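Some notes on the structure that comes next.
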Amino acid sequence: DRDFFHRKLQQLGVDAESRPLTVGDGLWIARNKTTNEEVVLDYIIERKRLDDLASSIKDGRYNEQKVRLKRSAVKNVFYLIEEVMSSDVQQMADAIQTSMGMAMTTSSFHVKRTKDADDTIQFIAKITKEVVKYYTGKRLLVLEPRNLEFQQDYRRVLDEFREKFGRGNIECAHKYYTFDTMLSKTKLMTVREMFVRMLMTIRGISLEKAIAIQKDYKTPKDLIRNFDGQDPELAKKYGKRVQELIADVFKK
């Protein structure tokens, strides 16, 4: 039922709309009453059933989604996990617990476990009331940057304005159009960002490990050049030499 969440939230008095999002599963926006211009507020939700969380950990989607949520620069990220059990969930219990712990400590997400979709809807309705309460009386400084080249520029510009102007009753925010355009999955990614994503497709390489490797070897070309220069008999010692190179990164 594609309209389930929209219909249920409307019944609870939440003014909800259904539209595809480049990041997250739920987002709060403010709309100008005169111009209908939309801006992104500092609250976003990523919703996962336990079985979906287990599969996303196995195929690497979990780490990619965390990266994209952090890149959104939204201050309050809610990671909702619905308690739906399956055989995969039981087999990956330890990995799931570790992932939730990392989401809270390393990524500073708010992790919320709910019983089912109905419980999730009740939670969203409560958060909506808090969002309305928080922004009542606030002034929004809406950014209109015209020189964003890469996805990291989206966060950099917002952080700079927050530091200069985001105090008192002023909140800085990007337009929804900018959010939607800049944070699409593949648009405007640097080679370095793509390298991190490539590394995370390797089994056993977490986001933290991928970033550590990319810190020493900025691009795949750097890694290959370093490897080739240290070992002229590339074809013979390929597997062992790469392992040694990567191991050196984590010894530092």
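The values are calculated or read from the model by the stated rules, or taken from the named source; none is laboratory data. This one's a predicted model, so the numbers in the text were calculated from it and none came from an experiment. Glycine also receives a Cβ, built like all others from the backbone with ideal geometry; neighbour counts cover every protein chain displayed. Accessible surface areas use protein heavy atoms only, side chains included; no ligands, DNA or RNA. Shrake-Rupley method; radii C 1.70, N 1.55, O 1.52, S 1.80 Å.
So the values come out like this:
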quantity	calculated
Selection status of residue 157, in a helix (DSSP H, G or I), of a type in the set (A, V, I, L, M), at pLDDT 90 or above and in contact with a Phe, Trp or Tyr (Cβ under 8 Å, 6 or more places away or on another chain)	no
Candidate set: the stretch 73-96, residues that are among the charged types (D, E, K, R) and in contact with a strand residue (DSSP E or B) (Cβ under 8 Å, 6 or more places away or on another chain); chosen: the one modelled with the highest pLDDT	75
Every pair of residues 6+ apart whose Cβ atoms lie under 6 Å, when the first sits in the stretch 121-150 and is touching a residue at least 24 places away in the same chain (Cβ under 8 Å) and charged (D, E, K, R) while the second is open to solvent by less than 70 Å² (accessible area, probe 1.4 Å) and assigned to a strand (DSSP E or B)	138/171; 139/170
Scope the stretch 201-224; condition under 22 Å from the mean Cα position of the chain (by Cα), in a helix (DSSP H, G or I) and over 19 Å from residue 70 (Cα atoms); matching residues	213
Matching option when the condition is more than 21 Å from residue 46 (Cβ to Cβ), open to solvent by 60 Å² or more (accessible area, probe 1.4 Å), among the polar types (S, T, N, Q) and in contact with a strand residue (DSSP E or B) (Cβ under 8 Å, 6 or more places away or on another chain), among 169, 147	169
Some residue of the stretch 50-63 being in contact (Cβ under 8 Å) with a residue 24 or more places away in the chain, within 18 Å of residue 180 (Cβ to Cβ) and surrounded by 20 or more Cβ atoms within 10 Å (Cβ to Cβ)	no
Checking residue 181 against (1) within 21 Å of the chain's Cα centre (by Cα); (2) modelled with pLDDT of 90 or more, the condition it does not meet	(2)
Condition check for residue 13: loosely packed, with under 11 Cβ neighbours inside 10 Å and in contact (Cβ under 8 Å) with a residue 24 or more places away in the chain	yes
The one condition in (1) open to solvent by less than 50 Å² (accessible area, probe 1.4 Å); (2) closer than 30 Å to residue 181 by Cβ; (3) modelled with pLDDT of 90 or more that residue 114 fails to fulfil	(2)
Residues being of a type in the set (Asp, Glu) and over 16 Å from residue 179 (Cβ atoms) - total across the stretch 14-45	1
Number of the exception - residue 76 against (1) open to solvent by 10 Å² or more (accessible area, probe 1.4 Å); (2) in contact with a helix residue (DSSP H, G or I) (Cβ under 8 Å, 6 or more places away or on another chain); (3) under 13 Å from residue 103 (Cα atoms)	(2)
Entirely in the stretch 7-103, the strands (runs of 3 or more DSSP E) that have 3 or more residues that are aliphatic (A, V, I, L, M) and within 17 Å of the chain's Cα centre (by Cα)	38-49, 76-82
Residue 213 of a type in the set (Val, Ile, Thr), open to solvent by less than 90 Å² (accessible area, probe 1.4 Å), over 29 Å from residue 95 (Cβ atoms) and free of Cβ contacts under 8 Å to residues at least 40 places away in the same chain	no
